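Report on the structure given below.
What follows draws every value from the coordinates through simple rules; no lab data is involved. Predicted model, so just to flag it, every value in this text is computed and none were measured. Cβ: placed from backbone, ideal geometry, glycine included. Neighbour counts: every protein chain shown.
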Amino acid sequence: MIEITEHTRNVLLEVAKKKKIYVEGSFLKILKAPKGDTEFEDYLTLCKEKDVAARRKRMEVAKEVQQQNKELEAAAKKNSNLMTELQSALDETKRSEEEANELRRQAEQLRDQAVNDLDILQKRTQFELIGTIVRSALYVIIGVGLLTTALYVYVMSQGFDSKIIESTWSNLFGILLTNSFSIVGTIMGVKYATDKEK
């Protein structure tokens, strides 16, 4: 367990009150409030509750994606059954060449329509998932950027030695910028790939 210093405690509480930004993730498991500090204990309890809520929300998104995948599988099975029935109908009936050609044309239209519907459903699911990932990534990027900037401004305003935090601040912003371009590149790549398929 890591016991928080007075300075770090005050910074975390101030950021939580002013910016509504809380510590989350595995880091919460190793934080320990100073003895008798009920305010910081309450803060840690609130952080844990918010972390649990965020995890629950991520699980709900995963369940939605799984449900949509089941729908895609059901549509594919339905399409396969339809094609089998159409083929059986063509094999069993002895119709003239004109009637057989008409049935083939209708079967191809139905197949194309089913494939098109399945493709639209898959793309919609992919874009919804990408949108969720991008939103989550942007929240994290903005949150880290704001927290780091707030700490940097606080250190500068208090007159502390800011050499370490300056390099940390510039490194974090470099990493955040790289990740932002990575997200945009991924989205453009998916868009380019889907346009190529058309």
Calculated P(r) of the range 2-197 - Cα pairs past 24 Å, % = 63 percent
Picking from 88, 183, 127, whose Cα lies most toward the positive end of the charge dipole for the chain (charges on Cβ: Lys, Arg +1; Asp, Glu -1)?
-> 183
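Too long at a 20 Å Cα-Cα cut-off: which of 20/48; 63/123; 18/57; 17/57; 29/163? Show your work: numbers first, answer last.
On the way: 20/48 14 Å; 63/123 18 Å; 18/57 24 Å; 17/57 23 Å; 29/163 29 Å.
Beyond 20 Å: 18/57; 17/57; 29/163.
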In degrees rounded to 10, the 0-90 angle between helix 38-92 Cα long axis and the longest Cα principal axis of the chain is 10 degrees
Once every DSSP H run of n ≥ 4 in the chain is given -39500 (n - 2.57) and the sum is divided by its residues, what mean residue ellipticity at 222 nm do you get, rounded to the nearest 500 deg cm²/dmol?
-> -31000 deg cm²/dmol
Just add up the charged neighbours of residue 49: K/R +1, D/E -1, any other residue whose Cβ is under 12 Å from the Cβ of residue 49.
-> +1
